[in-house]
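Engineer: Below you'll find the structure I mean.
The values are calculated or read from the model by the stated rules, or taken from the named source; none is laboratory data. Values in this document were obtained by computation on a predicted structure and should not be read as measured data. Cβ sites come from the backbone with ideal geometry, for glycine too, and all protein chains shown count toward neighbours. Note: areas computed on protein heavy atoms with side chains; ligands, DNA, RNA excluded. Shrake-Rupley method; radii C 1.70, N 1.55, O 1.52, S 1.80 Å.
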Amino acid sequence: MADEKSDKMSMIVFSGDMDKVMAGFILATGAAAMGTDVTMFFTFWGLSAIKKNAISDGKNIMEKMMGWMLPKNIRGLGLSKMNMGGMGRWMMNRMMKSKKVASLPELLETARELGIKLVACKMSMDVMGIKQEELIDPDMPVAGVASFLENASDSKVSLFI
Amino acid sequence: MADEKSDKMSMIVFSGDMDKVMAGFILATGAAAMGTDVTMFFTFWGLSAIKKNAISDGKNIMEKMMGWMLPKNIRGLGLSKMNMGGMGRWMMNRMMKSKKVASLPELLETARELGIKLVACKMSMDVMGIKQEELIDPDMPVAGVASFLENASDSKVSLFI
Amino acid sequence: MADEKSDKMSMIVFSGDMDKVMAGFILATGAAAMGTDVTMFFTFWGLSAIKKNAISDGKNIMEKMMGWMLPKNIRGLGLSKMNMGGMGRWMMNRMMKSKKVASLPELLETARELGIKLVACKMSMDVMGIKQEELIDPDMPVAGVASFLENASDSKVSLFI
């Protein structure tokens with residue numbers, strides 16, 4: 001592991017809950033705006049935040065089932081509490097809009113514009129049967145846990161979300 | 001971001017689950033007792049831990065609905081698992097008492113006595129329609145994510161709870 | 001707290017969800033394989049990951065109820081999402097096997113072989129009525145929050161899972 005701490009922040013986005021992913025992006029874009037080099041490593045349920053609608057061909061039955069059950073993309077994420085079949089999400093989105101707070105898809109866009117490194121976890125993609133072409137950016141880096149850890153050991157702040 | 005790590009701990013309390021908030025306070029008061037300068041940044045559901053009963057006037061209908069649905073204060077938080085309509089909480093509280101472990105309201109009190117900095121997240125207060133006068137301490141600092149990040153980058157330990 | 005950061009990683013395993021505990025072990029074994037000195041501190045629901053089947057005698061009624069309600073051991077953990085009465089767990093396990101990803105019990109075994117320090121939280125054991133002899137390793141260290149914090153303040157990466 002690296003020996004000196006540079007101006008970096010590392011984040012594991014494990015959760016696929018709208019509110020938690022939003023907290024992650026708010027922290028990440030805030031840090032990037034302050035000049036920090038931010039990496040977000042999406043794993044398990046968090047992968048839903050960096051998928052696009054399309055479900056690619058050539059999946060086996062288990063992989064297809066996973067695809068049906070998981071949210072299709074970042075717009076499909078539900079709240080961790082009081083989601084009430086989507087009503088909580090609708091209400092949260094409405095209140096955010098009235099307070100002029102950026103929506104989750106807008107935060108994702110800002111994150112990309114600010115040059116935040118979005119990385120997909122290789123093992124989770126394998127287990128959940130998600131293909132590279134299903135990610136929002138087909139060139140998105142896909143990496144293992146060692147790559148995250150190397151980055152984290154060199155970061156001032158590391159968070160598991 | 002700051003360049004040298006001082007004896008600080010930073011915590012984001014995102015969760016409003018009784019057990020998680022309790023874990024946060026146990027870590028925070030433990031660190032403060034060891035002489036560490038601790039900041040707890042309450043955001044999203046975590047705000048319920050630093051609210052008092054009163055719901056202030058002048059709220060719009062969405063803000064009122066949020067107020068009805070969220071726990072009124074720290075005593076109303078439920079367990080993240082096995083809450084069973086409050087029975088899990090009752091059981092947990094009973095077992096804690098029999099083992100002479102401090103309750104959540106007592107931990108909050110200790111945190112304040114130890115000088116732990118309790119900060120409310122401005123954006124979450126806006127989105128959830130929580131007013132300054134609804135916080136347990138009307139002078140409680142309300143700050144944005146940048147203030148948290150500056151503190152975290154200077155902390156030896158940063159946690160997202 | 002210590003003044004220089006050594007090659008250490010500290011993790012609080014608060015969650016007892018199969019997927020989160022798995023993420024914890026994947027990070028921990030990955031770091032240990034890279035030569036990092038890893039400590040996992042199991043607290044609250046996380047204790048279920050380091051228990052064995054046996055429930056010891058001499059428990060009072062509340063402690064017995066807790067024992068019945070909690071998963072018996074690491075094989076009994078459910079998914080945080082889409083568990084569907086165990087079907088989600090079965091599906092996840094099947095997909096992991098087909099992709100040759102280590103199962104949770106295998107990860108626990110690897111963690112022990114790699115010399116990862118598994119520590120049980122004393123206060124949680126008290127509150128939940130779990131006895132030392134119920135842990136997978138009867139010699140497993142049982143410690144308080146101060147011990148965790150001392151380790152974390154000296155770690156390059158600290159995570160709350």
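Engineer: Need one value: the accessible area of B:E113 in square angstrom, 1.4 angstrom probe, rounded to the nearest 10.
Structural biologist: Per-residue accessible area (B:E113): approximately 140 Å².
Engineer: Within the set of other residues whose C-beta is less than 14 Å from the C-beta of A:W90, count the net charge using Lys and Arg as +1 and Asp and Glu as -1.
Structural biologist: +3
Engineer: Let me have the relative contact order for the stretch A:47-142, percent, based on Cα pairs under 8 Å that are six or more residues apart.
Structural biologist: Values: 78 pairs, mean separation 37.6, N = 96.
This gives 39 percent for the stretch A:47-142.
Engineer: Hey, another quick one. Could you work out how much longer the chain between B:M140 and B:E106 gets when fully extended? Use 0.36 nm per residue separation minus the Cα distance between them, nm to one decimal.
Structural biologist: Separation in residues times 0.36 nm, less the Cα-Cα distance, equals 10.4 nm.
Engineer: All other residues with a Cβ under 15 Å from the Cβ of B:A146 taken together, and with Lys, Arg as +1 and Asp, Glu as -1, what is their net charge?
Structural biologist: -1
Engineer: Turning to a different aspect of this structure: Give me the percent relative contact order of chain A, please, defined on Cα pairs under 8 angstrom at least 6 residues apart. List each step's numbers first, then the result.
Structural biologist: Details: 257 pairs, mean separation 64.2, N = 161.
With pairs under 8 Å counted, the relative contact order is 40 percent.
Engineer: Label-point separation (nm) for B:E113 and B:E133, each offset 7 Å from Cα along Cα-to-Cβ?
Structural biologist: 3.0 nm
Engineer: While we're looking at this one, here's another question. Roughly what would the spin-label model give for B:N93 and A:D7, points 7 Å off Cα along C-beta, in nm?
Structural biologist: The answer from the label model is 4.8 nm.
Engineer: Might you tell me the accessible area per residue for the protein assembly as shown, computed with a 1.4 Å probe and given in Å²?
Structural biologist: Heavy-atom SASA per residue in the protein assembly as shown reads 39 Å².
Engineer: Further question: How much net charge surrounds A:I55 when only other residues with a Cβ under 12 Å from its Cβ are counted (Lys, Arg +1; Asp, Glu -1)?
Structural biologist: +2
Engineer: Once you place label points 7 Å from the Cα toward the Cβ at B:R75 and C:W68, how far apart are they in nm?
Structural biologist: Each label point lies 7 Å from its Cα, and together they span 3.0 nm.
Engineer: Now, a different point. Within the stretch C:61-94, find all residues whose amide N lies under 19 Å from a label point positioned 7 Å from the Cα of C:N53 along Cα-to-beta-carbon.
Structural biologist: Flagged as within label range: C:67-78.
Engineer: Counting every Cα pair in the stretch C:22-79, what percent are over 15 Å apart?
Structural biologist: Result for the distance tail: 59 percent.
Engineer: I'd like the mean, over residues of C:149-155, of how many other protein chain beta carbons sit within 10 Å of each residue's own Cβ.
Structural biologist: 5
Engineer: Say the cut-off is 21 Å between C-alpha atoms; which of A:K8/C:K20; C:K20/C:K72; A:K81/B:K72; A:K81/C:K81; B:K8/C:K156; B:K97/C:K20 go over it?
Structural biologist: Beyond 21 Å: A:K8/C:K20; B:K97/C:K20.
Engineer: How large is the helix-only mean residue ellipticity at 222 nm for chain C, computed as the sum of -39500 (n - 2.57) over DSSP H runs with n ≥ 4, divided by its residue count, in deg cm²/dmol to the nearest 500?
Structural biologist: -11500 deg cm²/dmol
Engineer: Just the number, please: percent antiparallel of the DSSP beta bridges in the protein assembly as shown, rounded to the nearest 5.
Structural biologist: 5 percent
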